[in-house]
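Q: Handing you this structure, nothing more for now.
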Amino acid sequence: MEHFISLYQMSVKEIEEVLQLAKNFKEAKYRLDRELFIANLFFEPSTRTKSSFEVAEKKLGMKVLDFTPEHSSVTKGESLYDTAKTFEAIGANALVIRHGDDDWSEQLGSNLKIPVFNAGAGKKEHPTQCLLDLYTIEDYFGYLEGLKITIVGDIKHSRVAKSNAYALERFGAKVRLSAAESFIDDSLPYPYISIDEAAETSDVLMMLRVQHERHETEEQVSNYLARYGLTVQRERKMKENAIILHPAPINRGVEIDSRLVECNRSKIFKQMENGVYIRMAILTTILKKWGIINDNDLKKC
Amino acid sequence: MEHFISLYQMSVKEIEEVLQLAKNFKEAKYRLDRELFIANLFFEPSTRTKSSFEVAEKKLGMKVLDFTPEHSSVTKGESLYDTAKTFEAIGANALVIRHGDDDWSEQLGSNLKIPVFNAGAGKKEHPTQCLLDLYTIEDYFGYLEGLKITIVGDIKHSRVAKSNAYALERFGAKVRLSAAESFIDDSLPYPYISIDEAAETSDVLMMLRVQHERHETEEQVSNYLARYGLTVQRERKMKENAIILHPAPINRGVEIDSRLVECNRSKIFKQMENGVYIRMAILTTILKKWGIINDNDLKKC
Amino acid sequence: MEHFISLYQMSVKEIEEVLQLAKNFKEAKYRLDRELFIANLFFEPSTRTKSSFEVAEKKLGMKVLDFTPEHSSVTKGESLYDTAKTFEAIGANALVIRHGDDDWSEQLGSNLKIPVFNAGAGKKEHPTQCLLDLYTIEDYFGYLEGLKITIVGDIKHSRVAKSNAYALERFGAKVRLSAAESFIDDSLPYPYISIDEAAETSDVLMMLRVQHERHETEEQVSNYLARYGLTVQRERKMKENAIILHPAPINRGVEIDSRLVECNRSKIFKQMENGVYIRMAILTTILKKWGIINDNDLKKC
């Protein structure tokens, strides 16, 4: 069976089913009528994703095993694979992993007998973030097809830009990019436009975080807002129903004016809310595929 | 609605109700018949307060979300406000916060839609500690009015001295202070007496921790016990029914002789025990005020 | 009542009862029908032992209090004893402790009113590891008496070698040791043999970890595998039914060839699995002895 590592492994139909399931979880309470353990192995800092998975797991009634790398045998040199096998051996039914290596999932090999959920892989992918972005857009507009969506910011170092663009296009959205010169990724097959054009013409502005922690030069971020970010002036020129997304954490005043974070157009905290239901959906979908749970285990309550 | 930040926001009647409710929780098991999530955001080290809140929350049947600042997006510069809003968005019904800034609660503004419980604010206030102190004294004597209570130690840097003194006086206790010169806070309207007078005349000695971690000079603590602390000799001169309190962690041999920590007069571990019931009481009181729970949700079991 | 600190405090009969109880826990689900809190106080890094205790506790339905020393008042100098008394005061019904001092249990004195479980004491003892080793061997062979068991590796710094050898001998196994010169402990009354002789003649090879983190010299580990470790060549000469154990974390390529970690003979991940049941068994056994639970509290489910 496959782990849940990448959005590229999902068909459009599978994505639609996950979005629909997330909607069900948002509308009514469900609970797994079965004792299941899940371990959240976060090798990199996270507030949203880690806690969102934790809430999703606990809403489903799963027992959550916490793990912090610096209190673990990782400090004695234990590998990701051996750590994963250890949690399998002591009874975890699934693992959620965030790790700084782009390709950490390749280290898992084929010996692991429990599903792994990607909660962030270096700057490569973060598939549950992508799913919750899709969900939030579709929840607001009712559809994805034909929407003009611009991904704005540090395209080059983002772990969501590429897979988001790919997924949005498969659903018929028209994807464009907007970035400062040093943040451009030339390998992506989408046109780059200015932030002004992006603001005026897009239905959705998907802002990205300027990832201070992945950069060296501080000057890259000074005056960033005025030149490349979403200012109040630019927000005023947005289309009537256009919305703003951001995966957070937000650099207030860098990629977006602080006053816009909770404006009417902003669905930033809505994204976080939706993330819980998306994670409930993907957890149950994959656990079912693996035969760890079946339809009868999921009880409405 | 108001967050629970300060003892100064409570009327005498409200405090009495919380103390009574804590007594109920001590005498019988109660449980919230409802799925509630609570996040404990401790930006400063804590054993007692954090675990006490955790036990209180779990006894009430709440689901607890853990958070450690160095594994969170706080390391990427995320603010307290954005962290709090994140937990609100992913489904927390309440937040417990300890932070080193005296005025962190002012950063929360009015946009947060879930109640926040102060578990320690810099050197300003720590209201649940104050409530559990009141509870422990009243539980032992049966009343507060007329008791002679001396707060002893590092008054200047303490986050409980000022609000404790204020609350005790409102309940009719006679408050005095005792401190080494460098620990005196002149702004408080209570008389300073020597530790010898304090020991001989008080019904309650509320010892404070000499907060090494907030000071620079090591000499401030050398010979501290003999000159300003509670020695065995001084304890022998205490009134027959007088008791000793301390919020802990204790510097054994600094502010109090190690042999006194578990003597008959010492209610130090009793304070910790009572702290759980006080926190159950304040959690349910505020959750009810906010309409998050109602009377029927609290079931005796 | 006694804490659970050492294998030396258990009679053969008591060990047999724990092994039998672990077998019951492996075969059917049991749950404590009672609200019990347990705190896991790990002052040293651990993946397996900490998570194994956590799974065991949660399978039994206990509420788990987490603790990380650097977020606790230990950073303010609080002692192990005061930390333990704090958790007792706030309602923990039992404590699991790992600490780097060989003799930390002596600091607990006799004032603690809840049982303590040793999850690792410096390089002195780690009794639940020993029990799960016994369990894994007996589970595989059906008996212990007469088995030739060689403990291989860093005998000198190991916290399991001595007590394992002692326990195995009491059950009639024939114990031998194999170690590089610098890892020999002369005080143990068992013969040392070469790794080649060990591989060819043993029913069980109990590999130990080369504990980098307890050593200074890096050269002690270079070429270690070829001279003292379990190579593929040596594994091929093992007896038909002979098995390999290792407490992990494994230094792949140091004490054992990486390809052997999951070979048929290796029971390394089986040990981890069994560890959960052993911990359930020892927790319930000691809690019963202390009168904290009784036979009726343990329900099959």
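Laboratory data are not the source of any read-out in this text; all were calculated from the coordinates shown. Please read all numbers here as calculations on a predicted model, not as lab measurements. Note that each Cβ is placed from the backbone with ideal geometry, even for glycine, and that neighbours are counted across all protein chains shown.
Q: Mind listing the long-range amide H neighbours of A:LEU41? Cut-off is under 5 Å, sequence gap 5 or more, other chains count too, H placed in the peptide plane at 1.01 Å from N.
A: Amide H neighbours of A:LEU41, under 5 Å, 5+ apart: A:VAL96, A:ILE97, A:ARG98.
Q: Please sort A:285-293, A:58-66 by packing, taking for each peptide the average over its residues of neighbouring beta carbons within 10 angstrom, highest first.
A: A:58-66, A:285-293
Q: Then there is this: What are the aspartates and glutamates whose alpha-carbon lies under 18 Å from the alpha-carbon of A:LYS148, with same-chain residues fewer than 8 places away excluded?
A: A:ASP133, A:GLU138, A:ASP139, A:GLU169, A:ASP196, A:GLU197, A:GLU200, A:ASP203, A:GLU235, A:GLU240
Q: Take the cross-link list B:LYS29/C:LYS288; A:LYS26/A:LYS63; A:LYS162/B:LYS76; C:LYS85/C:LYS289; B:LYS299/C:LYS288 and give me the ones stretching past 25 Å between alpha-carbons.
A: The answer is B:LYS299/C:LYS288.
Q: May I pose another question? Amide H to amide H under 5 Å from C:SER46: which residues, 5+ apart in sequence or cross-chain, H placed 1.01 Å off N in plane?
A: Sorted by chain and number, the residues that satisfy this are A:SER72, A:SER73.
Q: Among the lysines, which have Cα under 17 Å from the Cα of B:LYS156 when same-chain residues fewer than 8 positions away are ignored?
A: Cα-Cα hits under 17 Å: B:LYS123, B:LYS124.
Q: Note down, for the range C:241-301, the three equivalent ellipsoid semi-axes (square root of 5 times each alpha carbon gyration tensor eigenvalue), biggest first, whole angstrom.
A: Those come to 36, 12, 8 Å.
Q: For C:LYS123, list long-range residues whose amide hydrogen, built 1.01 Å from N in the peptide plane, is under 5 Å from its own amide hydrogen.
A: C:ASP102
Q: Give me the distance in nm between label points sitting 7 Å out from Cα along the Cα-to-Cβ direction at A:ASN296 and C:LYS237, one decimal.
A: Placing both labels 7 Å along Cα→Cβ, they lie 5.6 nm apart.
Q: Here's something else I'd like to know. Working out 0.36 nm times the residue gap between C:CYS263 and C:ARG31, then minus their Cα-Cα distance, what length gain in nm do you get to one decimal? Spell out each step's value before the answer.
A: Details: separation 232, 0.36 × 232 = 83.52 nm, distance 3.42 nm.
Difference between extended and current length: 80.1 nm.
Q: Here is a follow-up. Based solely on its DSSP helices, what 222 nm [θ] is calculated for chain B when runs of n ≥ 4 H residues each add -39,500 (n - 2.57) and the sum is averaged over all residues, nearest 500 deg cm²/dmol? Please list the in-between numbers first.
A: Details: 9 runs with 102 residues, N = 301.
Mean residue ellipticity at 222 nm (helix-derived): -10500 deg cm²/dmol.
Q: Turning to a different aspect of this structure: Can you find, among C:ALA165, A:ILE38, B:PHE43, the residue farthest towards the positive end of the dipole of the protein assembly as shown? Put +1 on the C-beta of Lys and Arg, -1 on that of Asp and Glu.
A: Positive-most Cα among the choices belongs to A:ILE38.
Q: Peptide C:40-50: average number of partner chain Cβ atoms within 10 Å per residue?
A: 5
Q: Please report Rg over Rh for chain C, where both radii come from the alpha carbon positions and Rh follows the Kirkwood definition.
A: Result for chain C is an Rg/Rh of 0.97.
Q: Here's a follow-up. Taking one equal scatterer on every alpha-carbon of the protein assembly as shown, how large is log10 of I(q)/I(0) by Debye at q = 0.04, 0.07, 0.08, 0.09 1/Å?
A: After summing over all Cα pairs, the log10 values are -0.21, -0.65, -0.84, -1.03.
Q: Right, next: Compute the separation of the alpha-carbon centres of the range B:82-109 and the range C:265-282 and state it in Å as a whole number.
A: Between the Cα centres of the range B:82-109 and the range C:265-282 lies a distance of 41 Å.
Q: For peptide C:28-37, how many partner chain Cβ atoms fall within 10 Å of a residue's Cβ, on average?
A: Mean partner-chain Cβ count within 10 Å for C:28-37: 1.
Q: Ordered by residue, what ³J(HN,Hα) values in Hz, to whole numbers, does the range B:101-113 give under the Karplus form 6.51 cos²θ - 1.76 cosθ + 1.60, where θ = phi - 60° and Gly and Pro are x?
A: Going residue by residue, I get 6, 4, 10, 4, 5, 5, 6, 6, x, 10, 8, 6, 9 Hz, with x marking Gly and Pro.
Q: Among the aspartates and glutamates, which have Cα under 15 Å from the Cα of C:LYS113 when same-chain residues fewer than 8 positions away are ignored?
A: Counting by Cα, and skipping residues close in sequence, C:LYS113 has these aspartates and glutamates nearby: B:GLU262, B:GLU273, C:GLU2, C:ASP82, C:GLU88.
Q: Another one. What percent of all Cα-Cα pairs in the range C:31-146 falls in each 10 Å bin, counting up from 0?
A: With 10 Å bins starting at 0, P(r) equals 12, 41, 32, 11, 3, 0.
Q: Compute the semi-axes of the equivalent ellipsoid of the range B:127-271, taking the square root of 5 times each eigenvalue of the Cα gyration tensor, and list them largest first in whole Å.
A: On the way: eigenvalues 88, 59, 40 Å².
They are 21, 17, 14 Å, listed largest first.
Q: Taking the Cβ of A:ASN40 as the center, what net charge do the other residues with Cβ under 10 Å away carry, scoring Lys and Arg +1 and Asp and Glu -1?
A: Values: positive: A:LYS50, A:ARG98; negative: A:GLU54, A:GLU57, A:ASP66.
Local charge sum for A:ASN40: -1.
Q: Using the Karplus equation 6.51 cos²θ - 1.76 cosθ + 1.60 (θ = phi - 60°), what ³J(HN,Hα) coupling, rounded to whole Hz, does each residue of the range C:127-139 give in order, writing x for Gly and Pro?
A: Values per residue, Gly and Pro as x: x, 6, 5, 4, 5, 6, 5, 4, 4, 5, 5, 5, 4 Hz.
Q: Turning to a different aspect of this structure: Suppose we keep just the alpha-carbon trace of the range C:1-68; what are its Rg and Dmax in angstrom?
A: 13.7, 36
Q: Mind checking the mean number of beta-carbon atoms from other chains within 10 Å of the Cβ atoms in C:58-67?
A: Per residue, the average neighbour count from other chains is 4.
Q: Residue by residue through the range A:164-181, what is 3J(HN,Hα) from phi via Karplus (6.51 cos²θ - 1.76 cosθ + 1.60, θ = phi - 60°)? Round to whole Hz and write x for glycine and proline.
A: Values per residue, Gly and Pro as x: 4, 4, 4, 5, 4, 5, 4, 8, x, 6, 9, 9, 10, 10, 9, 7, 5, 3 Hz.
Q: Taking a spot 7 Å from the Cα of B:SER110 along the direction of its beta carbon, which residues of the range B:1-27 have an amide N less than 15 Å from it?
A: The answer is B:1-3.
Q: Please compute the contact order of chain A in relative form: average sequence separation of alpha-carbon pairs under 8 Å and at least six residues apart, divided by the residue count, as a percent. Write out the running numbers ahead of the final one.
A: On the way: 519 pairs, mean separation 66.6, N = 301.
Relative contact order of chain A: 22 percent.
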